[in-house]
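Below is one structure, written out as structure tokens; comments come after it.
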Amino acid sequence: MRVAVIVNPAARKGRALARWPAIQAELATRLGPVEPMFTEAPGHATHLARNALARGIRRFVAVGGDGTANETLNGLLDASGRLIFPDAVLCPVPAGTANELSRALGHLAAVGHAFDAAASSRTRPIDLMRVRCTGLDGRPVDRFGYLIVALGLAATVSHRTSRSRWLKKLGEIAYLLMTPVVTLGYRQRDISIEIDGVPTGTRQLFTAMVGNTENGGGGMKLLPGARFDDGVLDLIEMGGVSRLEVLTKILPKLYSGAHVRHPKVRMARGTSFRFHADVEILVDLDGETVGRLPLEVTVLPQAFRVGTV
């Protein structure tokens, strides 16, 4: 089995590089000797994956966090979101600050499963999200992801956490620690939302998220019941409440999923969503700041495959 192993040595502020010898040994026991390809800059994993694909490799092990897995996946897709080669398989190995795809696959509960899946012939299909928004440089952005698209408060938390040199070393708890800091200085914004082509009005929101999985933000159960293989995306909105209520009534319940019972938390489902605002609002895809509103999110059902045991 020919395998491309793409490693982000900067994941979790360099801790992935320290862990690499142990990870390499685990992979070698299942795959034989592996030659890693180390990323050198943002977006490099996409380039490495695309080159390996051209060399005939169809199985891709992404060692890092969700950002590394996302970049690797984007190297396997054409401009429409279809796999360039239908037999290409993504195998994430958790080594980053956020490893939500690995969590959804059950690999955090049993880390050995990630290595087993890298060598297994079994796969499972995953829905893909296509995200179109405006880049921070003003140019159009067209990206693909598989977890959560966040805007507003949640996207700002992710952005601030990623920029903190010391906070990301703490791992998944980093997002929880940053949330109160950002919330206390964040104000609600008027955002208009359209679901499956139907306008649903404009309302004041702290944040909104469109998700393909229920987990995000370091193990928070943000979208209870969301499934990554049902061809539908889930939307959650939080607004019309005070900052204090966010911190005391909503935030403490994010890990259990009980926040969805709050009267100011709204949920919906659909296959396409549009968001617009007259002020700048950040957009985050799978833990990476990709731009700002306006934003369009659509689902591509079972568009790629991951290794499983």
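Structure summary
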read-out	value
Translational D in µm²/s for the range 39-168 (Stokes-Einstein at 4 °C, 1.567 mPa s, Kirkwood Rh from C-alpha pairs)	82
Part-to-part distance (alpha-carbon centres) for the range 234-306 and the range 65-137, which is given in Å	21
Per-residue [θ]222 nm for the chain (sum of -39500 (n - 2.57) over DSSP H runs n ≥ 4, rounded to 500)	-7000 deg cm²/dmol
Residue-wise HN-Hα coupling along the range 300-309, computed from phi with Karplus coefficients 6.51, -1.76, 1.60 (Hz; x: Gly, Pro)	10, x, 6, 7, 9, 10, 10, x, 9, 10
Estimated FRET transfer efficiency when R0 is 41 angstrom, pair Ala18-Arg203 (beta carbons, to 0.05)	0.35
Under the Karplus curve 6.51 cos²θ - 1.76 cosθ + 1.60, θ = phi - 60°, whole-Hz ³J(HN,Hα) for the range 226-235, x wherever Gly or Pro sits	5, 10, 8, 9, 9, x, 10, 10, 10, 10
Charge sum, other residues only, whose C-beta stays under 15 Å from Asp116's C-beta, Lys/Arg counted +1 and Asp/Glu -1	+3
Descending semi-axes in Å of the chain, equivalent ellipsoid built from Cα gyration tensor	32, 21, 17
Nitroxide proxy distance, nm - points 7 Å out along Cα→Cβ at Ala110 and Arg30	1.2
Lys pairs, the chain - Cα-Cα below 21 angstrom, 8 or more residues apart or on other chains	8
For the chain, built as a Gaussian network whose Cα springs stay under 10 Å, the top-fluctuating residue of Glu71, Glu280, Glu100	Glu280
Other-chain or far-sequence residues with amide H under 5 Å of Leu108's (modelled H)	Arg103
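All of the numbers you see were taken from the coordinates with simple rules; none came from a lab. Model, not experiment: these values are computed from the prediction. Quick reminder, even Gly has a Cβ in these numbers, built from the backbone with ideal geometry, and neighbours come from all protein chains shown.
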